[in-house]
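These notes concern the structure reproduced below.
Every number in this text was worked out from the coordinates using simple rules, so none of it is lab data. Everything numeric here is computed off the predicted structure, so don't read it as measured data. All Cβ positions, even for glycine, are placed from backbone atoms using ideal geometry, and neighbour counts span all protein chains on display.
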Amino acid sequence: MNKFFHVSDIGDINAALAEARQVKQTPYAWKHLGENRTIMLVFFNSSLRTRLSSQKAALNLGMSPIVLNIGQDSWKLETEMGVVMDGDKSEHLREAIPVMASYCDIIGVRSFAGLKDREFDYAETILSQFVQYAGKPVISLESATVHPCQAFADLITIDEYKTKARPKVVLTWAPHPRALPQAVPNSFAEWMGAADVDLVITHPHGYELDPAFTAGARIEYDQMKALEGADFVYAKNWSCPGVTDPSLYGQILSKDMGWTVDEAHMAVTDNAHFMHCLPVRRNMIVSDGVIDSPRSLVIPEAANRVVSIQVVMKRMLESLK
Ligand code: CP
């Protein structure tokens with residue numbers, strides 16, 4: 001395995017889930033794989049879970065993690081090609097990437113969408129430069145359009161808690177005061193589309209996700225109707241993906257608090273579990289009552305972030321041997 005961006009990179013999804021169960025049961029069984037190996041974790045943006053779970057997984061595998069916060073620990077990096085570098089950015093990615101790669105065996109990159117230029121973001125311009133210039137395996141730790149480590153952890157969690165062979169999973173948009181990227185819902189839809197679940201996506205008009213990620217999903221604009229009989233409710237905000245009108249890309253089209261997942265929403269489900277990738281804005285995305293209820297999976301879901309990335313790192317280390 002030399003990259004981890006999409007569900008296709010993990011291969012057979014049932015084999016990946018079986019491997020995740022093994023890793024969760026015996027996390028230190030592959031400690032020999034990481035001996036004398038280093039992973040570079042490059043953060044252009046803030047993180048709690050991804051940063052800590054990546055380091056924990058690397059340590060479980062006997063690998064040394066190095067964390068670099070771009071612009072805080074390092075020089076500010078220019079990401080666009082062909083520009084005159086007369087601003088505040090002292091170094092270009094074109095040099096920084098091969099230098100960082102020369103110090104490690106695997107690179108993980110967090111680089112959010114700028115939400116200004118759809119073409120730049122959806123081409124995964126920054127992540128692609130890592131692939132092109134690192135010459136080492138690359139993991140998306142949430143890039144412009146995908147968050148595969150999160151989606152794999154979500155799948156592991158659903159697999160652990162499901163009581164039906166084919167559960168109904170509803171991805172619902174919820175309000176947020178700031179414009180957020182589409183990486184989490186894109187990957188969630190992509191991974192659920194490959195899993196044995198009945199996926200329904202609900203959001204206000206204008207929030208349609210890129211069809212490249214939503215194959216097999218049913219889109220339902222009536223949130224209550226979408227939630228009926230759900231086994232898992234996955235709430236997330238995202239800004240306008242600009243599918244129907246590219247000029248609206250990255251904008252907030254609605255702050256309708258009627259979409260906040262509360263007890264009335266959960267009442268129409270089949271006693272569903274509540275999920276969110278965190279960090280979450282309480283009483284914007286979800287009511288206190290729902291997130292604090294026994295049906296909330298947000299903590300075990302976050303804990304599974306170690307498992308998902310450890311499977312990926314393990315496979316990459318095995319490929320290096
Ligand atoms: N869910 C998630 O990726 O959390 P962080 O942004 O804190 O890493």
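Couple of notes before you dig in:
- Computed E for Gln132/Ala264 - FRET, C-beta separation, R0 56 angstrom, nearest 0.05: 0.70
- Note on region 73-128: with charges restricted to the Cβ of Lys and Arg (+1) and Asp and Glu (-1), its dipole about the Cα centre is near 100 debye.
- Taken over region 233-283, the percentage of Cα pairs per 5 Å bin, counting from 0 up to the bin with the maximum distance, is 4, 16, 22, 20, 17, 12, 7, 1.
- All lysines inside 25 Å of Lys225 as judged from Cα atoms, apart from same-chain residues fewer than 8 positions distant: Lys162, Lys164, Lys168, Lys236, Lys255
- Total lysine pairs under 17 Å (Cα atoms) in region 1-160, excluding pairs fewer than 8 apart on one chain: 4
- Region 16-31 and region 242-257 have Cα centres spaced 40 Å apart.
- Longest to shortest principal axis, alpha-carbon extents of region 21-131, angstrom: 50, 27, 23
- Once the Cβ-Cβ distance of Ala15 and Ala303 is raised to the sixth power relative to R0 = 22 Å, the FRET efficiency obtained is 0.50.
- Extreme residue, positive dipole direction of region 25-154, given options Thr50, Trp75, Leu127 (C-beta unit charges): Thr50
- Of the trypsin sites (Lys or Arg not before Pro) found in region 160-219, those that fall in a DSSP loop while having at most 13 other beta-carbon atoms within 10 Å are Lys164, Arg178.
- Taking a ≥ b ≥ c as the square roots of the eigenvalues of the Cα gyration tensor, region 244-321 is classed as oblate, since a/c reaches at least 1.5 and a/b does not exceed b/c.
- The distance separating the Cα centre of region 173-216 from that of region 75-144 comes to 25 Å.
- For the chain, the longest principal axis of the Cα atoms and the long axis of helix 49-60 meet at an angle of about 60 degrees.
- Alpha carbon convex hull of region 70-197, projected area averaged over orientations, nm²: 10.3 nm²
- Reduced Cα scattering model of the chain, Debye log10 I(q)/I(0), q = 0.08, 0.11 Å⁻¹: -0.36, -0.68
- Inter-label distance for His205 and Ser8, nm, one decimal - labels placed 7 Å from Cα along Cα-to-Cβ: 3.4 nm
- Spin-label model distance (nm) - Leu68 vs Val84, 7 Å beyond Cα toward Cβ: 2.8 nm
- For region 291-297, 3J(HN,Hα) computed residue by residue from phi via the Karplus equation (6.51, -1.76, 1.60; θ = phi - 60°) reads 5, 8, 6, x, 8, 7, 10 Hz, glycine and proline entered as x.
- Stokes-Einstein translational diffusion, region 194-300 - Kirkwood Rh over all Cα pairs, 1.567 mPa s, 4 °C, in µm²/s: 88 µm²/s
- Folded to 0 to 90 degrees: helix 148-161 orientation relative to the chain principal axis, Cα: 40 degrees
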